[in-house]
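One structure is given here, and the rest of the page talks about it.
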Amino acid sequence: MVSGSVGAGHDGAAAELALRLGAAGADVVVRDLLDALPRPARALLRDGYEVAVARAPLFFEWLFRGMERHGALWRVEQEVCGLGLDGLARWVRAAAPDVVVSTYPLASQALGQLSDDGRLRVPFVTYLTDPAVHTSWLHPAAAAHLTVTEATAAQGRADYGGAFEVAGPLVPRRFEDRPALAELVALREQLGLHGGLHGGRPVALLAAGSLGMGAVVPSARDVVAAGWTPLVLCGRNDALCRDVAAVPGAVALGWRSDVHALMQVADVLVHNAGGLAVTEALVAGLPAVTYRSIPGHGRANAAVLAERGGVPWPTTPLELASALDAQLARGRTREAHPDAAAAVLAHVPASRLRVPASR
């Protein structure tokens, strides 16, 4: 399995898929594509992404849209991916896999190149962690393009043609469970949600990814103005945590390992990127709203979620207040989802399966 340590979503999906495949009897090796790249390319992908989104959003939007034209920007991306082929080929030889899975767009491109030059002779599949399909996720050599939801699959078919298979979400099973009442009461007390300023106000969980990117502080202010209490997940961004803590009525949270419980405390998720947090909310049954989306894939995800996924995308504080209230009235909804591990194992030759894929 090949992921990419840019944000937490790609690695999170890879880790959960590895866990499920292991439980089904598979031997799994997880690698980070960035480890196969030279240090400058690694820095470009990991640090350049954060800097571009935070400091040059219009430039990042231009890059994202320009990639769709398969021109000079596309060729640069292909060259960067090509720098990792020798390392990727060594991993393939060492693991001798029956199938390879990508959870990162550039890993899909690199695996496609490796397949084209004959050094990858087993199927590879791409698992899309984004709600929106974009061209970097797609390679004609892939045996399958797996999506979290039908909304993503439908957008992919409409915009790019070809086959997309709904494989279901990849988040830990704990997001399906509701913690004990006593645990939720204790958590609410810890967060200061009983009595005082926050008493009786509905709660919005604000997610801005592991890097805490985007216009998070203005979003928190707008949520407070709408009559809600924002619980703001600042990720590993300590400066953001300090800034949010200064917003009257907001609750600033650093890196948390209990997001599954926070999603049970909250009434609505407010996100700006459409990645892992939206998938977690989907499994938890928590309604979501997109607001002040980050450029590039963030806006593309917002559009797909709004058009096909039932997630409103307000653009003004007044629209945000209406959307929050509407999603609160809608309440929680639970759906059954396919198992992504079974979708991957379907691409392993039957003679190589030691246990049934449905185990």
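What the table shows:
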item	result
Charge dipole magnitude, Cβ of K and R +1, D and E -1 - the stretch 55-108, Cα centre, debye nearest 20	100 debye
Relative intensity, log₁₀ I(q)/I(0), of the stretch 93-145 from a Debye sum that treats every alpha carbon as a point, q = 0.15, 0.16 Å⁻¹	-0.36, -0.41
Exposure of residue 139 as accessible area (Å², to 10), given a probe of 1.4 Å and all protein chains	20 Å²
Principal axes of the stretch 27-95: Cα extent on each, largest first, Å	42, 25, 23
Positive-end extreme of charge dipole, the stretch 144-253 - chosen from 156, 245, 230 (charges on Cβ)	245
Rounded to 10°, Cα long-axis angle of helix 150-160 versus longest principal axis of the chain	50 degrees
Charge dipole (the stretch 1-47, unit charges on Cβ, about Cα centre) - positive-most of 25, 5, 15	5
Cα convex hull of the chain - mean projected area over all directions, nm²	17.7 nm²
Leading residue at positive end of dipole, the stretch 21-176 (Cβ point charges), from 89, 49, 135	89
Computed magnitude of the charge dipole of the stretch 10-91 (debye, nearest 20; Cβ of K, R +1, Cβ of D, E -1)	160 debye
Residue-span extension gain [residue 186 to residue 163] - 0.36 nm each, minus C-alpha spacing	3.6 nm
Where labels lie 7 Å past Cα in the beta-carbon direction, separation of residue 49 and residue 322 in nm	3.5 nm
Cα long-axis angle, helix 57-67 against the chain (0 to 90 degrees, to the nearest 10)	30 degrees
Test item: Cα-centred dipole of the chain, Lys/Arg +1 and Asp/Glu -1 on Cβ, debye	280 debye
Per-residue ³J(HN,Hα) for the stretch 177-182, Karplus 6.51 cos²θ - 1.76 cosθ + 1.60, θ = phi - 60°, Hz, x for Gly and Pro	9, 9, x, 4, 4, 4
Residue 77 accessible area, assembled protein chains, probe 1.4 Å, Å²	20 Å²
Protein-only accessible surface order, largest first, of 135, 333 at 1.4 Å	333, 135
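The values are calculated or read from the model by the stated rules, or taken from the named source; none is laboratory data. This structure is a prediction, so every number in the text was calculated from the model and none was measured. Cβ atoms come from the backbone with ideal geometry, glycine included; neighbour counts cover every protein chain shown. Side chains are part of the model used for accessible areas, which takes the heavy atoms of the whole protein and leaves out ligands, DNA and RNA. Shrake-Rupley method; radii C 1.70, N 1.55, O 1.52, S 1.80 Å.
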